[in-house]
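Contents: one structure, followed by commentary.
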Amino acid sequence: MAEKENLLEQFKITKKSYKNFLIMLAAVILMGFSLSLLVMTNFGTDPCSAMNYGVSGKLGLTFGTYQLLMNLILLIFVLLFYRSSLGWGTIGNMVLVGYTTDFFTYVWHNICNIPYELNMTARVAILVPALFLFVFAAAFYMQSGQGVAPYDAIPFIIDDAIKKRNGGKSHFRPARFCQDLLCTLIGVFTGGTYGILTFLMVILLAPTVQFVGDFLHKKER
């Protein structure tokens, strides 16, 4: 009963958490918007999206639908081992990022009539602002305190399991790196949206999340 009450507490929207809820909501929508732009550049996406684009294509599903299904499967492990990571941000990321990407992809190609193959100048022009938006939106979502997607929670579960068995220092970073590397390899073998950007995301995201976290904490003081 106590665990159930604690879980419900994580989904309460109070006056104090309302601003962070809106930040999370805007961040996950912006992630989907910027991801739809990154796909057009053909330089790759983040490791998870690279994998999901590849597998969804093989299964004949939309990106948003497969991303939701994949996270629902991972959610089982999170419910069992890491409930503290759940919140509105969990649902927001699971649902909105993928379907927002699908929506804007449809807008670019079917309403704005932007071709699927762009020249190098156009690709680079789109890449820079899209990458900036995606990385910072992802950082704001992770630092909003509204919970994270099951995919983002898995390295914490692995880290906790290693600590319980061996103790010692945190293994979160190598766990996250191995997860991202595995997803990248799956993306490569399934024809996903991988590229140099996929590897840069692993380098850029962690320090940006830390920077945004420090910024938000200063604002709260």
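Here are the numbers for this structure:
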read-out: One residue from Tyr99, Tyr141, Tyr106 being out of contact with any Phe, Trp or Tyr (no Cβ under 6 Å at 6 or more places or on another chain) and modelled with pLDDT under 90; value: Tyr141
read-out: Unique match (being closer than 23 Å to Val202 by Cα, of a type in the set (A, V, I, L, M, F, W, C) and surrounded by fewer than 19 Cβ atoms within 10 Å (Cβ to Cβ)) among Leu133, Leu69; value: Leu133
read-out: Conditions (1) over 18 Å from the mean Cα position of the chain (by Cα); (2) at pLDDT below 95; (3) not polar (S, T, N, Q); number of the one not met by Gly92; value: (1)
read-out: One residue from Asn42, Asn6, Asn52 being more than 18 Å from Tyr99 (Cα to Cα), at pLDDT 90 or above and not charged (D, E, K, R); value: Asn42
read-out: Unmet requirement for Gly191, which otherwise passes all of (1) exposed (fewer than 14 other Cβ atoms within 10 Å of the Cβ); (2) in contact with a Pro (Cβ under 7 Å, 6 or more places away or on another chain); (3) of a type outside the set (Lys, Arg); value: (2)
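The values are calculated or read from the model by the stated rules, or taken from the named source; none is laboratory data. Predicted model, so just to flag it, every value in this text is computed and none were measured. Glycine also receives a Cβ, built like all others from the backbone with ideal geometry; neighbour counts cover every protein chain displayed.
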